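Visitor: Sending over a structure as structure tokens; questions will come in a sec.
Where a number appears in this text, it was derived from the coordinates with a stated rule and is not lab data. Because the structure is predicted, anything quoted here is derived from the model rather than measured. Cβ sites come from the backbone with ideal geometry, for glycine too, and all protein chains shown count toward neighbours.
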Amino acid sequence: MIPEWMKKTEDYVPPADGGAFYYRTLKSLGGIMSRLRLESGREGRFSLPAGVRLLLMIALIILVSVTQNNLVIMAVGAAVLVRLAMMSAEDISAVVKAVLVAVIMAVVIFAPAVIMDPARLWNSLRVVAKILISVTLVGIFNRTTQWNHLTAVLRKAHIPGTVIFIIDITFRYIVLLGNLMQDLLTAVSLRSIGRNDKKYNSVGGVMGVTFLRGTEMNKEMYEAMQCRGFTDDYEGL
Amino acid sequence: MIIELKNVSFKYEKGAEPVFTDLDLKVEEGTCLAVTGDNGSGKTTLFRIINGLSFPDKGEYLYKGTVINEAYLKDNACSKRFHKEIGYLFQNPDTMLFNSSVYDEVAFGPRQMGLRDEEVEERVRDCLKLFEIEDLADKVPYHLSGGQKKWVALASVIALNPEVLVLDEPFAGLDSKKEAWLVDFLRELKAAGKTLIIATHKEEIIKDLADGTFMLG
């Protein structure tokens, strides 16, 4: 029944091939997505209402983004650092990690401009500081706000239930797409046993399947919710 | 001994419960080992270690006497040869199929092996014929049924002609006719000297095919 070549043991020497870069990059992206578990923040006894904190955060981010005054940036930065210092070590560590990634990316992006024109140093530093403060603000908000309180605020702001539903489900289940992408890339790497001249095709295939599966999962979930009485009037979880 | 695990312990995260501790396992070349155990007992984790996708926290894993660890698999040539020799069928074939046609899916591995075009064509056609999926050659794998996906995934692994086949629940969801066909096919592979490691709960298949059973949990 089985063909002759299947009965043989092959002494296989893999041909040289470079460019594992695509897979590695995508795999790390999948890894980040699969770690994006939505953690509900802890609210203290004397916390301001979630809506007020959301507005405050947006206002501060806009203020820091538009201002050209270094004193304002430093003042907001100092206030943010004080707020951060009042949090638990675990929360501080989580916020700082996210901030570090953002700052490193910003530095990498601005470095060539500064090297070519050193006069841009101060402007670049100002932008990096703005990024640092904005990401810290979002991090603090995320760690100190319960997700259901946030969706309640959006509801009060008369945002349609369907929009809140999409936001909620996207944040809650992006981790599943990350897992799927990682599994697909594992399958690619397990069968990438030699020289692949069509790497873009495989990468495109992985992205395509992830997109299709994501759409399908969304539809299946919506139908499952409809079967259990969901009427598009989403109050949040 | 083709595969040997010595005192292997594994946990997914620091501080988490270990999936297994001090696990010893030996698999001889040309034999079939059935791996059984309840859901969550660590069968897939064991298979991931055998395939070099996860690494033990303690103990070591040897393939043909060579320790398989991150350092070994960092070498591109070693990693590719290792993955060529061990074929792995995932429990969920959905996550194995990423090409735009069934033909390309099966040809993905052989095309990379430096074979001549006619040899690749022969391998792919043989596999499609063997699994009776020739009529699906131009279809998009994503749109196939669950059973068809499993067949395509298995064909794409078999096309690499691996020495060891690690199959995670290959009989799940198959009707009795297909199950009987797969048992016969695996028996032929075993007779041809291939080593089989299969996760299954089906006792009659274990009795029929396996030379030994390894129970987890």
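Visitor: Quick one: compute the contact order of the range A:47-145, relative version, from alpha carbon pairs under 8 angstrom and 6+ residues apart, as a percent. The partial results should precede the final answer.
Guide: Values: 56 pairs, mean separation 42.9, N = 99.
That works out to 43 percent.
Visitor: Also, I was wondering about something else. Could you please state, rounded to a whole Å, how far the C-alpha centre of the range B:124-179 is from the C-alpha centre of the range B:35-50?
Guide: 22
Visitor: Taking the convex hull of the Cα atoms, report for the range A:103-190 its projected area averaged over all directions, in nm². Spell out each step's value before the answer.
Guide: Numbers: hull surface 38.1 nm².
If you wrap the Cα atoms of the range A:103-190 in a convex hull and average its projections, you get 9.5 nm².
Visitor: On to the next question. Under 14 Å from the Cβ of residue B:187, count the other residues' Cβ atoms, weight Lys and Arg +1, Asp and Glu -1, and hand me the total. Let's see the in-between values first.
Guide: Working: positive: A:7, B:190, B:194, B:207; negative: B:179, B:184, B:188, B:204, B:208, B:211.
Net of charged neighbours comes to -2.
Visitor: Pull out a ≥ b ≥ c, the square roots of the eigenvalues of the alpha-carbon gyration tensor of the range A:47-145, then state rounded if a/c is under 1.5, prolate if not and a/b is larger than b/c, and oblate in the remaining case. Spell out each step's value before the answer.
Guide: On the way: a/c = 2.55, a/b = 1.67, b/c = 1.53.
Prolate, since a/c reaches 1.5 and a/b exceeds b/c.
Visitor: Relative contact order (percent) for chain A, with alpha-carbon contacts under 8 angstrom and 6 or more residues of separation? The partial results should precede the final answer.
Guide: Values: 167 pairs, mean separation 88.1, N = 237.
Once normalised by length, the contact order is 37 percent.
Visitor: Give the angle, between 0 and 90 degrees and rounded to the nearest 10, that separates the Cα long axis of helix B:102-112 from the longest principal axis of the Cα atoms of chain B.
Guide: Approximately 60 degrees, to the nearest 10.
Visitor: What are the residues whose amide H is under 5 Å from the amide H of residue B:20, where those residues sit 5 or more places off or on another chain and H is modelled from the backbone?
Guide: Counting only residues 5 or more places away or on other chains, the set is B:10.
Visitor: For chain B, take the longest principal axis of its alpha carbons; what is the angle in degrees between that and the long axis of helix B:146-158, to the nearest 10 within 0 to 90?
Guide: The angle comes out at about 80 degrees.
Visitor: Build a GNM of chain A with springs between Cα atoms under 10 Å: which of A:97, A:156, A:198 gets the top mean-square fluctuation?
Guide: Of A:97, A:156, A:198, the most mobile in the Gaussian network model is A:198.
Visitor: Just need log10 I(q)/I(0) for the range A:154-227 at q = 0.19, 0.21 Å⁻¹, Debye formula, equal scatterers on the alpha-carbon atoms, no solvent, rounded to two decimals.
Guide: Rounded to two decimals, the profile gives -0.85, -0.95.
Visitor: Could I ask something else about it? Rounded to the nearest angstrom and ordered from largest down, what semi-axes does the equivalent ellipsoid of the range B:44-97 get from its C-alpha gyration tensor (root of 5λ)? Before the final figure, lay out each step's value.
Guide: Values: eigenvalues 77, 41, 17 Å².
With the √(5λ) rule applied to the range B:44-97, the semi-axes are 20, 14, 9 Å.
Visitor: Something else now. Say we join alpha carbon atoms closer than 10 Å with springs in a Gaussian network model of chain A; which of A:14, A:112, A:160 then has the biggest fluctuation?
Guide: A:14
Visitor: When the helices in the protein assembly as shown are scored as -39500 (n - 2.57) per DSSP H run of 4 or longer and the sum is shared across all residues, what 222 nm value do you end up with, to the nearest 500 deg cm²/dmol?
Guide: So the helix-based figure for the protein assembly as shown works out to -18500 deg cm²/dmol.
Visitor: Considering all alpha-carbon pairs of chain A, what whole percent are spaced by more than 33 angstrom? Provide the component values of the computation, followed by the final result.
Guide: On the way: 11495 of 27966 pairs.
The proportion of pairs with Cα distances above 33 Å equals 41 percent.
Visitor: Per residue of B:83-95, what is the mean number of Cβ atoms on other protein chains within 10 angstrom of that residue's Cβ? Each step should come with its number before you reach the end.
Guide: Working: counts 7, 9, 4, 1, 2, 4, 0, 4, 0, 2, 1, 6, 11.
Counting Cβ atoms of other protein chains within 10 Å of each residue's Cβ and averaging gives 4.
Visitor: Further question on the same structure: Looking at the square roots a ≥ b ≥ c of the eigenvalues of the Cα gyration tensor of chain B, which shape do they give, rounded for a/c under 1.5, prolate if a/b is larger than b/c, or oblate?
Guide: Numbers: a/c = 1.70, a/b = 1.38, b/c = 1.23.
Cα axes put chain B in the prolate bin.
Visitor: What percent does the relative contact order of chain B come to when contacts are Cα pairs within less than 8 Å and at least six residues apart? Working shown, then result.
Guide: Working: 366 pairs, mean separation 64.1, N = 217.
With pairs under 8 Å counted, the relative contact order is 30 percent.
Visitor: Something else: Quick one: length gained pulling residue B:38 to residue B:57 fully straight, 0.36 nm per residue minus the C-alpha distance?
Guide: Details: separation 19, 0.36 × 19 = 6.84 nm, distance 2.25 nm.
In short, 4.6 nm is gained.
Visitor: Moving on. Which angle from 0 to 90°, rounded to the nearest 10, does the C-alpha axis of helix A:161-191 make with the longest principal axis of chain A?
Guide: 30
Visitor: Per residue and in Å³, how big is the convex hull formed by the alpha-carbon atoms of the protein assembly as shown? Spell out each step's value before the answer.
Guide: Values: hull volume 87.5 nm³, N = 454.
Cα convex hull per residue, to the nearest whole number: 193 Å³.
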